[in-house]
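Input: a single structure, listed below in structure tokens.
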Amino acid sequence: MTADGSGTIRSRIKNLLRSPSIKLRRRSATARQKHDLSDKVTLEKVLGITAPGNRALACDPRTGLLAYPAGCVVVLLNPRKNKQHHIFNSSRKAITTLAFSPDGKYVVTGESGHMPAVRVWEVSERLQVAELQEHKYGVACVAFSPNGKYIVSVGYQHDMMVNVWNWKKNVVVAANKVSSKVTAVSFSDDSSYFVTAGNRHVKFWYLDHGKTSKVNATVPLLGRSGLLGELRNNFFSDVACGRGRQASSTFCITSSGLLCEFNDRRLLDKWVELRVSDTTSQATCLSVTDELIFCGCSDGTVRAFSPVNLHFLCTLPRPHCLGADVASMVDASQLFSCRPEARYPDTVAVTYDPANRWLSCVYNDHSVYVWDVRDLRDPRRAGKLYSALYHSSCVWSLEVSVGAGGGAVHLPPGSFLSCSSDNTIRLWNIDGHNVVNRNILSHDLQKVIYVDDNITSLLDTESANTEKAGSSGSEGQQADQSRAGIRTLRVSPDGQHLASGDRMGVLRIHELDSMEEIMNVQAHDSEILCLEFSKPDTGLQLLATASRDRLIHVLDAGRDYSLVQTLDEHSSSITAVRFAANEGKVRMISCGADKSVYFRTAQQTEEGLVFTRTHHVVRKTTLYDMDVEPTRKYAAVGCQDRSIRIFNISNGKQKKLYKGSQGEDGTLIKVQIDPSGLYIAASCSDKNISIFDFYSGECVATMFGHSEIVTGVRFSSDCRHLITVSGDSCIFVWRLSPELTIRMRQRLADLQPPSSAQNSQNAPQQKVVTLRTGSTEDGVLMVKSMLDLRLLDSFCPDRQEEAEPEEVRILTEQKLCAQGECNQPDLLSCQLR
């Protein structure tokens, strides 16, 4: 028994000694694999900003580098060179606030969500060097002390904590609770105290350096309220301690438009009204230096004051007016020639760079400007150094330009379109060498289509630090705004038309050349979730619209988008519909929230073209998105159980199933196959994006950075980029590794036959399908939709011609030749839609 016992003890000791090294080896191998996957894709550019106010905009005092959040990413912008670097928050939580250290070597960030962390990052290496987890419900604002030794962080109103952190020792030296909502914090020039401001709240917190340096434990933070007097009921939206000669003063700004000064006894000594006209009644942010105070106000106004006596100095130029035609703004004089009735976005953040004399401003339409204010004696001499315009709310969908061999392409290379809840469709160009018309407002944004005249949808009402009025009228307006926005868009294969569907069920058609609206019709009762044009290899010119109202309308794009057929087989929302030319037949595949996939085949009957159901597949999970690979043999479906299911289009059978996410939470939202058909990108509701080998299901790359679900994913037609859009209003442009790009281009070359080399750069040869007339017994009965579809018919110029069977006959190959459209269009790039 003794021998057995000793043997057992020895074996246990051996196992204990052996297991850590094994675990470490396994962990390091897993970490190495994750590192390799993330290295396959790099973030090249961020088109967006999520700064809610001054607490999320910072400037490096040494280099002029501008820092602001975009989802879970900190963008470090060099405004002179228009260069970006990025810091990724590995916790996948949205960054709510940030600040530079006095020497500019570090940046501190705060985040939202449960158990958030305050993190310190080294700017040059963009690596995390320290982390503090002492908050529970989100971090509202952070600041470095001027001596660089301490960081103060203030939690959300429900968190109620104020922490002072010796970040190099990773010790909280002082802490206390605050009951008010705090929106700003500022350290005094000598680091002896800091001030917090918020709703009916201005408080001075004093640091006892003798106590905090000697005692290892956290000591209570001593706080004294500012003496507000008759201004005690104001909302103090920002605060900044004085600098230089005014170091004993503290400056605050109220949402009602007052600039206040507190003296060294915490007494509100004097104030001045910012309002010059009725339009400039609100103030949101301020930036204080030795010589200047800049106050950001509503309607794009920024005013400068003297910190010595609060005397007004000047008003700076305003940005673009709301609803401005970006493409036509080609001369700087247009920016300064404003119309009297024009409305401007509100200023929500300002920060001043005293070294370069640059004033950076963020406005509530998510635009960023950097003004050169060297000579404030003459504000007309203020110049614009940099500007950028971004979407102000959720971006729902995007479309990339088709390849260079398509012939009738109306988008320059490197271009893509995006649509958003801000009721705009925007044309972007990420290839600076191929910009056709440059404008003075943005390097990347080329054109904005405003689908209606309601400019309030362009504003992000949550970005200002103002008190929310609880009137029923404003609540009703917000409820109406929640239904606004463009939900999906598609470009026709010939590059002539842009189709878009909004959240109210309205279908719009724009000419892509002029961006003029040529059709506007209420096609559905509910939001349009998917649009799809038929590919040129089908020989058809069709547009399918699918909606939350369970209906699919098939329209004839060649006959002024007259109605061909309405299908109502789905019993729930239709999430995706696709066309494909397969085995000499034209197919239409649709999937939806009813967990069904319907495979249909087009037939020509005496009554016209109809799609008849050939296969119906039901799975045990909701189907959220679908794409068809370039050879038109298989359709890939993204599912709620995080799986990608591959279906054979000809027989409807499931060919393959593999995991579509690296995580264990969430559902697949979008799937997209690259132009060559080698890889498939999938976005998950856990905000991660993954790229898989289409045939093996092996994960080849992973990405993260968005703070909301990724609503759209597209490969660029040159196989160099992956573009993602999200509910956080940001667009991320990712550069794929050369290894992935070379493989995709090699596959495109293999798919391309020699005979089509002159006509198509990146498309496989496909025959145009000609449909034969089938018997009427096999036809699908026309189903009346839930609304009067005579509206759609009204766009048909000649109803008599529409009724003739010969005119409904599909475009044959001979007719295509007669129109000069038979030069094998760019088939593969159409899959990007």
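Derivation of every value follows stated rules applied to the coordinates shown; laboratory data play no part. Everything numeric here is computed off the predicted structure, so don't read it as measured data. Cβ atoms come from the backbone with ideal geometry, glycine included; neighbour counts cover every protein chain shown.
Each residue of the range 421-430 is assigned a 3J(HN,Hα), and the resulting list reads 5, 7, 6, 10, 10, 10, 9, 10, 9, 9 Hz, derived from the Karplus form 6.51 cos²θ - 1.76 cosθ + 1.60 (θ = phi - 60°), x at Gly and Pro. Amide H contacts of Ala184: Ala197, each under 5 Å away and 5 or more positions distant or on a separate chain (H built 1.01 Å from N in the peptide plane; Pro and chain starts excluded). The amide H of Asn423, built 1.01 Å from its N in the peptide plane, has Gly485, Ile486 as neighbours under 5 Å, considering only residues 5 or more places off or on other chains.
Amide H contacts under 5 Å for Thr96: Gly110, Glu111, Ser112, restricted to partners 5 or more places along the chain or on a different chain, H placed in the peptide plane at 1.01 Å from N. If one computes the Cα centroid of the range 332-373 and of the range 643-712, what distance in Å separates the two points? The range 332-373 and the range 643-712 have Cα centres spaced 41 Å from each other. Annotation for Met329 and Asp453: the two label points, set 7 Å from Cα along the Cα-Cβ direction, are 2.2 nm apart.
The calculated FRET efficiency for Asp641 paired with His114, based on their beta-carbon distance and R0 = 41 Å, is about 0.95. Can you list the residues of the range 697-715 with backbone N under 17 Å from a point 7 Å past the Cα of Glu739, pointing along Cα to Cβ? Those under the cut-off are 697-703.
Note on the range 219-329: semi-axes of the ellipsoid equivalent to its C-alpha gyration tensor, largest first and rounded to whole Å, are 29, 15, 13.
Which trypsin sites (Lys or Arg not before Pro) from the range 238-323 combine a DSSP loop assignment with at most 14 other Cβ atoms within 10 Å?
Working: sites: Arg243, Arg245, Arg265, Arg266, Lys270, Arg275, Arg303; in loops: Arg243, Arg265, Arg266, Arg275.
Filter output for the range 238-323: Arg265.
Pairs spanning more than 20 Å between alpha-carbon atoms, out of Lys83/Lys447; Lys203/Lys270; Lys633/Lys656; Lys81/Lys447; Lys83/Lys670: Lys83/Lys447; Lys81/Lys447; Lys83/Lys670.
With a cap of 12 neighbouring Cβ atoms within 10 Å, and only residues DSSP puts in a loop, list the GluC sites (Glu not before Pro) found in the range 655-722. Passing both the DSSP loop test and the Cβ count: Glu664, Glu698.
For the pair Asp375 and Thr621, label points projected 7 Å from Cα toward Cβ lie 6.6 nm apart.
Here the label points at Lys270 and Gln746, each 7 Å from Cα along the C-beta direction, are separated by 7.5 nm in the simple model. So if we plug the beta-carbon distance of Phe312 and Asp39 into 1/(1 + (r/R0)^6) with R0 = 35 Å, what FRET efficiency do we get, rounded to 0.05? Computed FRET efficiency for Phe312 and Asp39: 0.05. The GluC sites (Glu not before Pro) of the range 504-553 that meet both conditions, a loop assignment by DSSP and at most 11 other Cβ atoms within 10 Å of the site Cβ, are Glu516. Between Arg245 and Lys83, the contour length at 0.36 nm per residue exceeds the Cα-Cα span by 54.7 nm.
Scaled against 2.2 N^0.38 Å for its residue count N, the alpha carbon radius of gyration of the range 153-245 is 1.11. Each residue of the range 607-613 is assigned a 3J(HN,Hα), and the resulting list reads 7, x, 6, 9, 9, 10, 6 Hz, derived from the Karplus form 6.51 cos²θ - 1.76 cosθ + 1.60 (θ = phi - 60°), x at Gly and Pro.
Note the full-extension length gain between Ala175 and Leu127 as 0.36 nm times their separation in residues minus their Cα-Cα distance, in nm to one decimal. Mind dumping the intermediate values first?
Working: separation 48, 0.36 × 48 = 17.28 nm, distance 2.71 nm.
Extra length from Ala175 to Leu127 when fully extended: 14.6 nm.
Couplings 3J(HN,Hα) of the range 136-144, computed from phi: 10, 10, x, 10, 7, 7, 9, 7, 7 Hz, in residue order, whole Hz [Karplus 6.51 cos²θ - 1.76 cosθ + 1.60, θ = phi - 60°; x for Gly and Pro]. With q set to 0.10, 0.13, 0.16, 0.20 Å⁻¹, the log10 of I(q)/I(0) for the range 645-745, from the Debye formula over equal scatterers at the Cα positions, is -0.27, -0.45, -0.67, -1.01.
For the pair Gln522 and Lys136 in one chain, pulling the backbone fully straight at 0.36 nm per residue adds 134.3 nm over the alpha carbon distance.
If you wrap the tightest convex hull around every Cα atom of the range 53-225 and split its volume per residue, you get 105 Å³.
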